[in-house]
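Just so you know, all these numbers are worked out from the coordinates, no wet-lab data involved. Since the structure is predicted, the reported quantities are computational estimates derived from the model, not experimental observations. Cβ atoms come from the backbone with ideal geometry, glycine included; neighbour counts cover every protein chain shown.
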């Protein structure tokens with residue numbers, strides 16, 4: 001244990017912790033401005049924004065000796081007895097001078113810069129800069145060039161923090177970006193013929209503390225101050241990266257990674273980042289429909305809920321396919337509803353799309369081949385309620401046996417390719433087929449009841465990722481008019497009052513399913529490791545044996 | 001500003017004298033003003049045959065216009081600052097990369113709901129490129145609500161109509177061109 005003093009506040013640093021001045025100050029609640037330092041990247045100490053005064057406290061005499069010059073806090077280890085001063089006049093002057101130097105050749109085209117509003121240069125200039133700009137420069141136009149398919153570089157906005165360069169070298173290991181030229185001619189660039197084309201390229205835009213790197217997908221689509229961000233979990237694959245869903249007036253404009261050291265650290269892949277467009281796709285189905293007299297006719301949600309219960313009860317043996325896109329809460333409620341009607345109903349896991357193989361980056365970040373967020377969550381529920389975990393193929397075999405008379409199939413996939421005509425034919429012999437999905441597919445067209453469902457941005461609940469980590473999501477936008485998020489429909493079918501409450505549903509599920517017991521207390525922001533529960537169970541079993 | 005601010009100067013209400021307490025002198029004074037205006041020059045104008053005079057067009061807040069630059073392109077860079085400043089939320093902009101090499105961003109669509117607008121002039125003040133300005137056109141009518149939602153073309157045409165009578169305010173006021 002060591003004690004570091006930051007501006008007179010004593011901070012305790014653990015023996016095995018390797019903190020720098022910025023992190024030590026953060027513990028004392030003091031913000032040291034910085035551009036180039038990032039906790040996930042190596043230290044270069046090139047921006048000089050984090051300059052602080054540093055000294056040492058003599059452990060025997062208690063006398064503090066300061067060193068005469070200022071040092072970069074990011075490069076100075078916070079050891080026992082280290083003293084940092086971050087608020088002296090000297091430090092303030094240093095910051096103001098760094099800001100002035102950066103702004104000498106900055107275009108100040110903030111009105112058209114997408115970073116404006118979340119720009120470090122803007123924020124720090126207001127906080128630490130001088131009142132007036134002494135350089136007599138008018139705002140100018142920054143030349144731009146493509147770095148790759150996803151990112152554009154606005155050359156003159158760059159402050160040469162080299163975060164993006166270090167990212168491609170240390171995190172993805174692809175090293176596309178580099179610094180060309182020297183001194184004030186320095187520029188970020190790619191090697192000729194080798195554009196920024198790795199699968200995590202979007203992260204350099206988040207890393208960029210200024211507006212130099214622009215995301216082509218987000219470019220000029222919205223100003224950042226209009227958007228509200230909602231904590232979510234990426235549903236692109238089973239990694240379950242923590243994200244912020246940023247929306248304005250029920251339209252999602254971008255997804256950005258949210259820090260979670262257990263799952264995705266600070267990053268997310270491009271596939272997840274740009275994989276939200278289906279939420280606002282033109283061909284999303286809206287309005288429930290019933291097959292009647294050779295065609296599908298529009299019906300009201302209120303009549304659907306009443307009819308479904310009655311018709312399912314009349315049908316006899318039921319089967320339900322739980323999509324790995326459902327949240328734990330939704331799957332639990334659907335099981336409750338189906339099992340409430342037929343206690344011996346067949347439950348199966350929906351198709352789990354697998355594309356290619358897992359892709360692992362040098363820093364450990366993995367894009368999984370399994371393109372669904374909640375296979376583990378559904379499996380946990382199926383194991384509890386069904387005993388055996390049936391796959392979608394197994395379910396189709398069950399259909400061949402003709403025991404099942406009515407089936408409920410939940411979808412929620414990003415595309416409609418999770419079933420084909422052959423699958424649809426397997427379901428043809430049923431008395432009643434209920435399909436919930438976002439897009440029309442062969443199975444959807446064969447359904448007796450077509451129920452438009454929600455997308456990931458509209459769901460409330462939690463997912464279990466590949467490492468058995470239960471992570472909560474909040475709905476960011478409202479579903480399009482005519483579509484009901486699955487949770488809301490099940491809530492209504494179970495005749496619960498009011499709107500769907502994921503918290504209540506989760507507590508109920510956690511009380512009933514031992515593997516989810518930990519979630520009774522609620523899910524922390526960084527998720528809940530369900531394996532901890534398993535370990536504890538194993539220990540109790542071992543103890544009783 | 002707080003009431004205990006040192007720059008606040010407190011003034012006591014003057015005490016009423018005998019004439020003040022009687023009220024009658026004050027009533028006579030008021031009637032004298034009324035009578036004077038009865039016989040004085042008439043201020044009323046017969047609108048619309050006769051147009052009232054706008055005192056200072058530079059500070060008048062009438063219908064909006066979108067200014068054009070020297071090359072006849074819309075000056076707006078779609079920074080959304082007017083929409084941000086607007087207390088009535090009547091400005092709606094869609095931004096796009098500009099088709100011109102010397103500019104990055106421009107407004108693909110720019111609409112102002114003139115019925116929603118409260119003519120406070122905040123948009124004009126917020127604009128960093130002096131693209132949106134309020135003219136001294138005040139007699140604004142339309143046959144439907146839709147007609148009163150002014151789009152980019154209409155706002156640019158207001159500029160064409162008023163540019164001769166009212167040059168761009170920024171230039172008159174000595175700001176950047």
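Here are the numbers:
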| item | result |
| --- | --- |
| Between helix A:375-385 and chain A: long-axis angle, C-alpha atoms, 0 to 90°, nearest 10 | 40 |
| Rounded tilt (10° steps) of A:530-544 against the dominant C-alpha axis of chain A | 70 |
| Partner chain coverage, peptide B:78-84 - average Cβ within 10 angstrom | 4 |
| Estimated inter-spin distance, residue A:250 and residue B:27, nm [label 7 Å along Cα→Cβ] | 6.3 |
| Degrees, to the nearest 10: A:502-512 long Cα axis against longest axis of chain A | 70 |
| Listed residues B:29, B:161, B:71, most fluctuating in chain B (Gaussian network, C-alpha, under 10 Å) | B:29 |
| Mean Cβ neighbour count within 10 Å, used as a protection proxy, ranking A:64-74, A:458-468 highest first | A:458-468, A:64-74 |
| Gain on full stretching of the segment that runs from residue A:184 to residue A:44 - 0.36 nm per residue minus C-alpha separation | 48.6 nm |
| Backbone N under 14 Å from the residue A:149 label point (7 Å along Cα→Cβ), restricted to the range A:235-279 | A:270-275 |
| Using distinct alpha-carbon pairs, which all enter the 1/r mean, Kirkwood radius of the range A:6-135 in Å | 15.9 |
| Rg/Rg_ref, the protein assembly as shown, where Rg_ref = 2.2 N^0.38 Å and atoms are Cα | 1.23 |
| Averaged over A:108-115, number of beta-carbon atoms from partner chains that fall within 10 Å | 5 |
| Residue-averaged beta-carbon neighbours from other chains (10 angstrom radius) around A:210-221 | 2 |
| Among A:92-101, A:49-58, the order from most to least packed when residues are scored by Cβ within 10 Å on average | A:49-58, A:92-101 |
| Residue-averaged 222 nm ellipticity for chain A, from DSSP H runs of 4+ at -39500 (n - 2.57), nearest 500 | -7500 deg cm²/dmol |
| Choice from B:147, B:13, B:70 showing the highest fluctuation, given a GNM over chain B with Cα pairs closer than 10 Å | B:13 |
| Simple label model, 7 Å out from Cα along Cβ direction - residue B:103 to residue A:389, nm | 5.8 |
| Gain in span if fully extended, residue A:525 to residue A:226, counting 0.36 nm per residue against the direct Cα distance | 105.2 nm |
| Efficiency of FRET between residue A:141 and residue B:85 - r from beta-carbon atoms, R0 22 angstrom, step 0.05 | 0.35 |
| Protection proxy ranking of A:281-292, A:505-516 - average other beta-carbon atoms within 10 Å, highest first | A:505-516, A:281-292 |
| Point-to-point label distance, residue A:27-residue A:87, nm (Cα→Cβ direction, 7 Å offset) | 1.9 |
| Of B:113, B:139, B:12, the one that fluctuates the most in a GNM where chain B has Cα springs shorter than 10 Å | B:12 |
| Backbone N under 17 Å from the residue A:281 label point (7 Å along Cα→Cβ), restricted to the range A:249-271 | A:252, A:271 |
| Efficiency of FRET between residue B:54 and residue A:75 - r from beta-carbon atoms, R0 56 angstrom, step 0.05 | 0.30 |
